[in-house]
Amino acid sequence: MLGFRDERDYRRAAQVLQAANFTESAISEVIERRAILAMPPSDVPRIMRQTRELSPLDTLLRLFFVGVPVPVSAVLAALAPMPLASWVEAGLLAPHARDGQVDPRVQIWPVNGLLLAVDLPWRRSTAPEADFVVPPGPLTLQLAHAMIRQPCQRVLDLGTGSGALALLAASFAETVTATDMNPRALAFTRFNARLNGIDRLRFLIGDLFEPVAEERFELIVCNPPFVISPKQRFLYRDSGERGDLFCRRLARSALNHLESGGFLQFTANIAHQEGGSWKSDLEGWFKDLGGDTLILVQRTETASDYAMNWILSTESKEPAVVSQRYETWMDYFAQHRLEAVSYLLVTHRRSVGGPGWLQIDDPPCEIVGSCGDEIMWFFECRDRFGSAAGRQALLDHRLRPAPQVLLEQEYAMGSKGFEVHHSRVKKTGGLQYPMTIHPKVAQLMAGCEGERTLRQLLAELFASWDADWDGTLPLVLPVVQTLLERGVLVLAET
């Protein structure tokens with residue numbers, strides 16, 4: 001379906017794209033959007049105007065980013081020194097010029113330093129085919145940012161899609177296994193691996209863990225078909241069962257395929273049922289599994305908003321069809337008493353001893369850039385300082401604020417003039433938690449200059465607060481531990 005006959009043409013094709021500066025930054029500048037994957041169809045006329053000179057970059061943008069035909073002469077110039085016939089034979093361009101124009105057959109996205117071929121943009125009022133291969137969406141990119149990238153032997157990308165996560169994992173893993181039940185997705189992943197010059201991948205077709213039998217991995221990543229929808233329409237979106245129930249089955253099935261101390265990271269949806277507790281339901285996913293789990297809540301949508309967003313983005317934009325589909329979705333939600341849905345990023349570590357813990361971080365956490373090291377540190381911090389003895393050991397460490405941390409204070413007029421009204425901690429990258437802190441915690445943070453131990457600093461602060469050491473310390477140490485876990489404070493000696 002996809003592929004150059006001459007293996008050397010993969011490198012040549014990549015060089016053609018690179019020579020034209022077909023990169024995230026260049027495309028972002030042309031389309032005037034920082035997040036190129038978030039480009040709406042309404043941007044197309046403006047992009048067409050901005051690329052009307054048909055430079056090599058303009059031509060490649062029109063063909064492989066916007067997905068529209070381009071004059072043959074411009075295509076020949078952009079692809080040189082490769083012949084047009086090679087791209088046609090590989091399935092990237094249409095076999096015959098139409099009215100002096102060349103039509104694209106795939107879209108190519110530059111993402112995180114990779115070049116990813118996927119199906120052409122879906123702009124019709126009707127839904128695409130069930131085996132449609134989509135570009136990596138925002139949740140896949142967030143999972144890519146959150147991926148724990150430590151050297152290891154074996155990684156599994158479950159439901160690989162276009163292969164983004166598998167290709168990124170090849171930078172730190174000896175072997176990466178990419179699986180999918182969609183043969184077209186695996187065909188795109190094979191092509192993308194060759195286009196990016198990555199040969200550490202193997203490709204297996206099948207559902208969930210069937211293709212890997214009894215194998216175990218140090219890291220499993222998955223952006224599963226988690227959507228809570230009334231009908232299975234698309235392989236990339238729907239599993240054939242309720243999305244959160246599928247995610248529960250995924251979490252529990254993964255245990256048998258994780259090495260001791262290995263990590264499972266996946267995106268998920270959890271339904272909020274009327275009269276129920278979604279957090280209790282979520283805890284049930286990991287009950288009796290052992291191990292440690294960190295769950296970041298990214299956002300929550302009402303059932304109505306959730307239905308409309310998925311209908312418009314995947315099913316149809318025709319008003320009459322949208323209305324009909326909306327009724328179907330809402331009837332389904334009413335039948336199951338679902339009133340809202342939360343989007344999650346889950347990181348689970350297989351037990352390395354001890355009772356294990358589960359942390360659900362809500363309200364929402366925003367992921368801004370790479371944060372795999374921060375997530376790994378969360379687990380290390382719990383290992384070191386999660387017990388009462390561990391928190392006591394904190395007293396002998398010197399702490400300082402992380403470089404990307406800002407402390408914002410809001411003042412309001414009080415009886416004695418302006419007084420601190422709110423104190424907020426803000427991070428400029430990685431995991432961004434919404435954290436409002438007590439003014440005394442802000443004072444503690446300001447005192448963490450990395451020179452004194454925490455014991456020395458707290459002795460000074462408690463004296464200024466006229467606070468009893470034995471009564472106040474058990475209240476303060478968990479706060480310090482939380483600031484460490486979330487990367488607000490760091491150990492000065494590291």
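The values are calculated or read from the model by the stated rules, or taken from the named source; none is laboratory data. These numbers were taken from a predicted model, which means no experiment stands behind them. All Cβ positions, even for glycine, are placed from backbone atoms using ideal geometry, and neighbour counts span all protein chains on display.
Write out, first by first residue and then by second, each pair whose Cβ atoms fall under 7 Å of each other, whose residues are 6+ apart or on separate chains, and whose first residue, in segment 41-54, is under 14 Å from Glu29 (Cα atoms) while the second is of a type in the set (Val, Ile, Thr) and at pLDDT 85 or above.
Ile47/Val66
Scan Ala97, Ala170, Ala187 and give me the residue that is within 27 Å of Val346 (Cα to Cα) and either buried (at least 23 other Cβ atoms within 10 Å of the Cβ) or among the small types (Gly, Ala, Ser) (or both).
Matching residue, one of Ala97, Ala170, Ala187: Ala170.
Collect the residues in segment 268-294 that are in a helix (DSSP H, G or I) and hydrophobic (A, V, I, L, M, F, W, C), keeping them in residue-number order.
Answer for segment 268-294, where residues must be in a helix (DSSP H, G or I) and hydrophobic (A, V, I, L, M, F, W, C): Trp278, Leu282, Trp285.
Counting residues that are at pLDDT 95 or above, which helices (runs of 4 or more DSSP H) fully inside segment 23-111 reach at least 1?
Those helices (runs of 4 or more DSSP H) span 56-60, 72-79, 84-89.
Quick check, is Gly161 assigned by TED's automatic domain parsing to the domain that holds Asp238, at pLDDT below 95 and either buried (at least 20 other Cβ atoms within 10 Å of the Cβ) or over 30 Å from Val322 (Cβ atoms) (or both)?
Considered against the rule, which asks whether it is assigned by TED's automatic domain parsing to the domain that holds Asp238, at pLDDT below 95 and either buried (at least 20 other Cβ atoms within 10 Å of the Cβ) or over 30 Å from Val322 (Cβ atoms) (or both), Gly161 comes out as yes.
Sort out which residues of segment 406-438 are closer than 16 Å to Thr482 by Cα and not in a strand (DSSP E or B), and write them in order of number.
Tyr433, Pro434, His438
In segment 267-284, what residues are hydrophobic (A, V, I, L, M, F, W, C) and over 13 Å from Gly243 (Cβ atoms)?
Scanning segment 267-284 gives Trp278, Leu282.
Only one residue in Val420, Val441 is over 27 Å from the mean Cα position of the chain (by Cα), at pLDDT below 85 and of a type outside the set (Phe, Trp, Tyr), so which one is that?
Just a single option satisfies the conditions, and that option is Val420.
Residues are listed down the side, and each one gets a yes or a no for (1) touching a residue at least 24 places away in the same chain (Cβ under 8 Å); (2) more than 20 Å from Pro135 (Cα to Cα); (3) of a type in the set (Ser, Thr, Tyr):
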| residue | (1), (2), (3) |
| --- | --- |
| Phe64 | yes, no, no |
| Val102 | yes, yes, no |
| Arg105 | no, no, no |
| Val111 | yes, no, no |
| Leu115 | yes, no, no |
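Quick test for you: out of Ala193, Ala185, Ala213, pick the one residue that is among the aliphatic types (A, V, I, L, M) and touching a Gly at 6+ places or on another chain (Cβ under 6 Å). Write out each step before concluding.
On the way: Ala193 fails: touching a Gly at 6+ places or on another chain (Cβ under 6 Å); Ala213 fails: touching a Gly at 6+ places or on another chain (Cβ under 6 Å).
So the residue among Ala193, Ala185, Ala213 that is among the aliphatic types (A, V, I, L, M) and touching a Gly at 6+ places or on another chain (Cβ under 6 Å) is Ala185.
Scan segment 384-397 for residues that are closer than 16 Å to Val490 by Cβ, among the charged types (D, E, K, R) and either buried (at least 17 other Cβ atoms within 10 Å of the Cβ) or under 32 Å from the mean Cα position of the chain (by Cα) (or both) and report the count.
Result for segment 384-397: 1.
Tally the residues that are farther than 21 Å from Pro136 by Cβ and exposed (fewer than 11 other Cβ atoms within 10 Å of the Cβ), restricting the search to segment 7-47.
Summing the residues that are farther than 21 Å from Pro136 by Cβ and exposed (fewer than 11 other Cβ atoms within 10 Å of the Cβ) in segment 7-47 gives 4.
All but one of (1) crowded, with 18+ Cβ neighbours inside 10 Å; (2) in a loop (DSSP other than H, G, I, E, B) hold for Ile311, so report the exception by its number.
Ile311 satisfies all of (1) crowded, with 18+ Cβ neighbours inside 10 Å; (2) in a loop (DSSP other than H, G, I, E, B) except (2).
Would you point out which residue out of Val155, Val133 is crowded, with 21+ Cβ neighbours inside 10 Å, among the hydrophobic types (A, V, I, L, M, F, W, C), in contact with a strand residue (DSSP E or B) (Cβ under 8 Å, 6 or more places away or on another chain) and not assigned by TED's automatic domain parsing to the domain that holds Trp329?
Val133
Being of a type in the set (S, T, N, Q) and surrounded by fewer than 21 Cβ atoms within 10 Å (Cβ to Cβ) is the filter; apply it to segment 190-238 and report the residue that is modelled with the highest pLDDT.
That would be Asn196.
What's the number of the only condition in (1) surrounded by fewer than 16 Cβ atoms within 10 Å (Cβ to Cβ); (2) over 30 Å from Gly429 (Cα atoms) that Asp103 fails to meet?
The one condition Asp103 does not meet is (1).
When the residues of segment 272-284 are filtered to those that are over 26 Å from Pro138 (Cβ atoms) and of a type in the set (Asp, Glu), which remaining residue is surrounded by the fewest Cβ atoms within 10 Å (Cβ to Cβ)?
Glu274
Quick test of your reading of the structure: Gly261 fulfils all but one of (1) assigned to a strand (DSSP E or B); (2) small (Gly, Ala, Ser); (3) on the phi < 0 side of the Ramachandran plot. Name the failing condition by number.
Unmet condition: (3).
For segment 457-482, what are the residues that are assigned to a helix (DSSP H, G or I) and small (Gly, Ala, Ser)?
Those that are assigned to a helix (DSSP H, G or I) and small (Gly, Ala, Ser): Ala459, Ala463, Ser464, Gly471.
Within segment 285-301, identify whether any single residue is exposed (fewer than 14 other Cβ atoms within 10 Å of the Cβ) and modelled with pLDDT of 95 or more, and answer yes or no.
There is no residue in segment 285-301 that is exposed (fewer than 14 other Cβ atoms within 10 Å of the Cβ) and modelled with pLDDT of 95 or more.
Please name all residue pairs, on different chains or six or more residues apart, with Cβ atoms under 7 Å, provided the first residue is in segment 346-366 and is at pLDDT below 85 and the second residue is part of a loop (DSSP other than H, G, I, E, B).
Ser351/Gly290; Ser351/Gly291; Pro363/Pro434
State whether the residues of segment 382-395 include one that is outside any strand (DSSP E or B), among the acidic types (Asp, Glu) and within 22 Å of Ser464 (Cα to Cα).
The answer is no, given that none of the residues of segment 382-395 is outside any strand (DSSP E or B), among the acidic types (Asp, Glu) and within 22 Å of Ser464 (Cα to Cα).
From Ser304, Ser253, grab the single residue that is among the polar types (S, T, N, Q), surrounded by fewer than 16 Cβ atoms within 10 Å (Cβ to Cβ) and within 24 Å of Glu327 (Cβ to Cβ).
Within the list Ser304, Ser253, the selection yields Ser304.
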